[in-house]
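Student: One structure follows; several queries about it will come next.
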Amino acid sequence: MLHTLAVLVENNPGVLIRVAGLFTRRGYNIDSLTVCQTEDPELSRMTIVVNGDDQIIQQVRNQLSKLVVVHSVSDLTGESVVDRELALIRVQVSTETRSAVLQTVDIFRGRVVDMGRTNITVELTGDIPKIDAFVRAIRPYGLLELVRTGKVAILRSET
Amino acid sequence: MSEEKTGLKGATILLNALQQEGVDVIFGYPGGVLLPLYDALLDSPIRHVLGRHEQGVVFAADGYSRVTGKVGVCLGTSGPGATNLVTGIANAFLDSIPLVVLTGQVPTSSIGSDSFQEVDIIGITMPITKHSYLVKDPRDLPRIIKEAFYIARTGRPGPVLIDLPKDVLAEENVVPFSNEMKLKGYKIFGRDNNGKIEEVARALSEAHRPVLYAGGGVVTAGAESVLKQFAEKTGAPVVTTLMGIGSLPLGHPNLLGMVGLHGTVTANYAVNDCDLLIAVGVRFDDRVTNGPGDRFATNAKVIHIDIDPVEISKVVRTDIQIVGDARQVLEEILEALPGFVLPDVADWWDQLREWKENHTLNYDKDRLNPQMVMECLGEIAGGETIITTDVGQHQMWVAQHYPTVNPRNYASSCGLGAMGYGLPAAIGAQIARPEDRVVLVTGDGSFQMSIQELGTIAQNNLPIKIVLLNNGVLGMVRQMQKLFYGERYSQIQLQGNPDFVKVAEAYGIRGIHVNSLENVRSAFEEAFKHPGAVLVDIKISEHENVLPMVSPGKVITEMIVR
Ligand SMILES: Cc1ncc(C[n+]2csc(CCOP(=O)(O)OP(=O)(O)O)c2C)c(N)n1
Ligand SMILES: [Mg+2]
């Protein structure tokens with residue numbers, strides 16, 4: 001099962017390699033990983049999506065916690081969270097398909113951010129199932145290139 | 001206006017910080033980028049012991065740490081000096097030994113340019129260090145040194161590496177920052193055992209066949225005497241790992257010996273048959289479980305006590321998990337015991353005694369064999385002697401037959417199994433405890449992986465007694481080829497062996513040849529009487545095997561005994 005881990009780490013060179021190295025060494029599978037500075041410039045936040053059963057996830061969390069550069073690890077899975085991913089997708093278009101493609105982009109509330117003679121580039125934000133669904137819908141027209149950021153997530157505030 | 005000189009040289013700040021941490025000795029080997037440090041060392045009260053190979057200096061620091069419980073410190077230059085340390089760092093990592101490893105590095109301005117003797121030692125050692133630092137500003141040195149020692153020795157101990165660029169060491173007039181630690185991310189686990197102590201006490205009171213399974217964590221925590229009390233109070237027998245040797249003195253009535261691949265029959269039967277296994281400071285290594293943990297102690301409720309949460313449920317399914325310091329947890333359980341009925345272990349001990357009587361570690365007592373040698377050595381040396389070993393059959397013969405080891409009197413490469421460990425470890429131990437007797441038990445293969453350190457022994461007049469079980473072969477490999485590869489012997493003969501006595505003598509170390517059973521005792525007596533180092537070269541047959549031994553992939557009760 002996929003788990004989303006929010007990992008607060010020191011914002012130093014070498015931190016990413018410590019975390020990534022841990023995953024390869026122990027044979028854990030990273031599905032996606034994003035990292036960026038937080039509101040505190042000394043800290044970065046990694047959002048790691050990792051695949052595994054409960055026991056593996058517990059091991060991953062323990063191993064991550066052991067790293068001196070890791071301040072905290074929390075598993076957002078099953079929590080009430082807002083999660084988003086950004087994708088840039090280049091799709092082939094011809095005079096025959098152009099309007100159908102644009103309609104699909106519209107349905108998914110994507111935005112066309114670049115346009116060539118034979119292709120368009122779409123920006124799409126959403127949770128992962130939405131982006132997956134868009135990719136499935138657009139693929140028949142000719143999917144030329146796909147860039148995804150990986151998931152970022154934040155806990156919903158308590159009302 | 002003339003500039004006032006108030007600061008110190010980077011290297012001096014480093015040495016002062018080491019002194020603050022109580023460092024009295026550094027094991028090291030110099031090189032180009034370390035010149036500023038070796039220069040400053042001349043004015044420091046810290047002793048420096050010059051090894052003959054960087055692998056020797058890191059093993060020596062490791063031996064020093066194991067026999068004192070203190071953090072061992074070693075030093076190597078950039079490039080090859082640093083890479084030569086790698087095996088020793090891995091060794092300390094796998095056995096959870098606290099080390100601070102200092103490496104020289106090319107100047108900060110050259111880092112990344114593949115300059116002369118530049119390697120990314122932080123990158124190379126990342127998987128085998130607890131933490132590491134590249135020092136970029138000499139003003140950070142006091143803080144980094146303090147943090148490094150703190151990280152190395154607390155929680156589950158381990159090696160911490162500090163990479164020191166030449167310019168950082170050479171910079172003059174440095175006024176350092178405060179040494180206040182900034183370790184927000186460093187966590188020491190444990191403490192909150194809410195209710196679990198009582199759970200353990202209850203499990204004990206309900207058990208009929210309890211076993212204590214003790215490992216290196218007992219030694220690290222200094223829990224030996226609590227373990228003894230615990231065993232005596234509850235009547236539970238104790239089995240140990242290789243790392244756990246010394247956690248209960250051999251000969252203690254509750255001790256069944258080592259468990260696992262080369263464990264005693266009784267220890268392995270007991271673990272397999274017990275209904276409660278209390279695992280303390282162990283990690284269910286495959287040398288103990290003999291494969292995946294799912295067939296280990298299957299009849300038992302398993303309690304796992306360890307300082308490192310990562311070890312909990314890593315290999316074996318456990319029923320009660322307690323994260324914490326072994327001594328503290330055992331003490332807490334002992335305190336809780338009066339509220340519970342103690343287990344009745346009379347029948348269990350009848351069974352254990354029966355196994356013990358029917359399965360003594362037996363061997364031919366009428367000829368020169370390694371088992372006899374170990375027993376004789378133990379008799380003469382006594383529990384006060386520090387014993388270090390190399391890796392191979394001789395290591396297992398020490399574990400099985402050397403009769404008494406007191407706490408912190410034993411050093412062996414257990415998790416890594418690194419041949420060449422024993423001699424430098426003995427050096428570290430003897431430097432740490434100059435008044436105590438240090439004996440190395442080694443094999444002819446292992447000895448030659450660190451033989452150059454005889455020079456370190458000679459230079460420092462260390463009275464180390466070297467017992468060489470010389471079988472002319474890589475005995476442990478031979479044994480596997482005999483038992484599991486149809487006696488197809490491949491690359492195990494050491495025909496080019498020198499006369500080791502002559503080698504010793506060339507270093508000014510006394511050498512004694514032993515070729516017969518009658519001479520063993522007198523050779524040891526002579527060696528122990530001699531004030532300096534002695535090498536006792538004991539010729540044994542290459543046909544000896546380490547038995548019992550569990551067959552590959554089998555449950556630990558399926559042992560080859562004869
Ligand atoms: C550095 C290293 N290389 C290889 C091995 C594999 N190995 C384990 S035991 C052994 C033989 C050891 O021979 P010796 O030191 O003579 O001891 P003996 O088994 O003969 O007592 C070997 C090659 C090892 N453990 N360490
Ligand atoms: Mg040998």
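Student: If A:G27 satisfies all but one of (1) on the phi < 0 side of the Ramachandran plot; (2) under 22 Å from the mean Cα position of the chain (by Cα); (3) open to solvent by less than 70 Å² (accessible area, probe 1.4 Å), what's the number of the condition it fails?
Tutor: (1)
Student: Could you list all residues from region A:30-55 that are closer than 23 Å to B:K314 by Cβ and open to solvent by 30 Å² or more (accessible area, probe 1.4 Å)?
Tutor: Selection gives A:I30, A:D31, A:N51, A:D53, A:D54, A:Q55.
Student: Here is a further query. Mind listing just one residue for me: the one in region A:56-81 that is open to solvent by 10 Å² or more (accessible area, probe 1.4 Å) and assigned to a strand (DSSP E or B) and, of those, nearest to the other protein chains (Cβ to nearest Cβ)?
Tutor: Ranking the qualifying residues of region A:56-81, first place goes to A:H71.
Student: Here are the criteria: (1) open to solvent by 70 Å² or more (accessible area, probe 1.4 Å); (2) farther than 24 Å from A:T34 by Cβ. Tell me which single one A:S94 does not satisfy.
Tutor: The number of the failed condition is (1).
Student: Then there's this: Between a first residue in region A:15-33 that is among the hydrophobic types (A, V, I, L, M, F, W, C) and a second residue that is part of a loop (DSSP other than H, G, I, E, B) and open to solvent by less than 50 Å² (accessible area, probe 1.4 Å), which pairs have beta carbons less than 9 Å apart while being 6 or more apart in sequence or on different chains?
Tutor: Every condition considered, the pairs that remain are A:V15/A:L67; A:V15/A:V69; A:V19/A:L67; A:V19/A:V69; A:L22/A:Y28; A:L22/A:L67; A:L33/A:G150.
Student: Suppose we filter B:I97, B:I89 for residues that are among the β-branched types (V, I, T), part of a loop (DSSP other than H, G, I, E, B) and open to solvent by less than 20 Å² (accessible area, probe 1.4 Å); which single one remains?
Tutor: Going through B:I97, B:I89 in turn, the sole match is B:I97.
Student: When the residues of region B:347-402 are filtered to those that are in contact (Cβ under 8 Å) with a residue 60 or more places away in the chain, part of a helix (DSSP H, G or I) and small (G, A, S), which remaining residue is nearest to B:F447 (Cα to Cα)?
Tutor: B:A399
Student: Only one residue in B:V514, B:V477, B:V467, B:V503 is within 16 Å of ligand 1 (Cβ to nearest atom), within 20 Å of B:I431 (Cβ to Cβ) and in contact with a helix residue (DSSP H, G or I) (Cβ under 9 Å, 6 or more places away or on another chain). Which one?
Tutor: B:V467
Student: Could you list all residues from region A:83-130 that are in a strand (DSSP E or B) and out of contact with any strand residue (DSSP E or B) (no Cβ under 7 Å at 6 or more places or on another chain)? Walk me through how you get there before you give the answer.
Tutor: Filtering region A:83-130 down to residues in a strand (DSSP E or B) leaves A:83-92, A:111-115, A:119-126.
If the condition is that a residue be in a strand (DSSP E or B) and out of contact with any strand residue (DSSP E or B) (no Cβ under 7 Å at 6 or more places or on another chain), then A:M115 is the only one that fits.
Student: Test of understanding: among B:L342, B:L416, B:L377, which residue is within 16 Å of ligand 1 (Cβ to nearest atom), open to solvent by 60 Å² or more (accessible area, probe 1.4 Å) and either within 14 Å of chain A (Cβ to nearest Cβ) or over 19 Å from B:M549 (Cβ atoms) (or both)?
Tutor: Working: B:L342 fails: within 16 Å of ligand 1 (Cβ to nearest atom); B:L377 fails: open to solvent by 60 Å² or more (accessible area, probe 1.4 Å).
Result of the check over B:L342, B:L416, B:L377: B:L416.
Student: Considering each residue of region B:317-334, count those that are among the β-branched types (V, I, T) and within 12 Å of another protein chain (Cβ to nearest Cβ), and give that number.
Tutor: Result for region B:317-334: 2.
Student: Could you please find all residues in region B:509-526 being open to solvent by 70 Å² or more (accessible area, probe 1.4 Å) and within 14 Å of B:I466 (Cα to Cα)?
Tutor: Those that are open to solvent by 70 Å² or more (accessible area, probe 1.4 Å) and within 14 Å of B:I466 (Cα to Cα): B:R510, B:H513, B:E525, B:E526.
Student: Check off (1) surrounded by fewer than 17 Cβ atoms within 10 Å (Cβ to Cβ); (2) modelled with pLDDT of 95 or more for B:R367 and give me the number that stays unchecked.
Tutor: B:R367 satisfies all of (1) surrounded by fewer than 17 Cβ atoms within 10 Å (Cβ to Cβ); (2) modelled with pLDDT of 95 or more except (2).
Residue-wise test of (1) open to solvent by 10 Å² or more (accessible area, probe 1.4 Å); (2) touching a residue at least 24 places away in the same chain (Cβ under 8 Å); (3) hydroxyl-bearing (S, T, Y).
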site	(1), (2), (3)
B:V119	yes, yes, no
B:I145	no, yes, no
B:T154	yes, yes, yes
B:V160	no, yes, no
B:L169	no, yes, no
B:E172	yes, yes, no
B:M181	yes, yes, no
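Student: Could you check how many residues of region A:11-24 are open to solvent by less than 40 Å² (accessible area, probe 1.4 Å) and more than 24 Å from A:V82 (Cβ to Cβ)?
Tutor: 7
Student: For residues that are assigned to a helix (DSSP H, G or I) and open to solvent by 20 Å² or more (accessible area, probe 1.4 Å), scanning just region B:123-141, find the one that is farthest from the other protein chains (Cβ to nearest Cβ).
Tutor: Here is the first cut: in region B:123-141, the ones assigned to a helix (DSSP H, G or I) are B:123-128, B:138-141.
Pick out the ones that are also open to solvent by 20 Å² or more (accessible area, probe 1.4 Å) and you get B:123-124, B:126-128, B:139-140.
On the way: B:G123: 7, B:I124: 11, B:M126: 6, B:P127: 5, B:I128: 10, B:R139: 17, B:D140: 13 Å.
Looking at the filtered set, the residue picked out is B:R139.
Student: Now a separate question. Surrounded by 15 or more Cβ atoms within 10 Å (Cβ to Cβ), away from chain B (no Cβ under 14 Å) and basic (K, R): is that true of A:R84 in this structure?
Tutor: When the stated conditions are applied, A:R84 passes them.
Student: Got a number for residues in region B:539-548 being within 13 Å of ligand 1 (Cβ to nearest atom) and under 25 Å from the mean Cα position of the chain (by Cα)?
Tutor: Here the count works out to 2.
The values are calculated or read from the model by the stated rules, or taken from the named source; none is laboratory data. None of the values given here were measured: they were computed from a predicted structure. In this analysis, Cβ positions are derived from the backbone assuming ideal geometry, glycine residues included, and neighbour counts consider all displayed protein chains. With ligands, DNA and RNA removed, areas are computed over all heavy atoms of the protein, side chains included. Shrake-Rupley method; radii C 1.70, N 1.55, O 1.52, S 1.80 Å.
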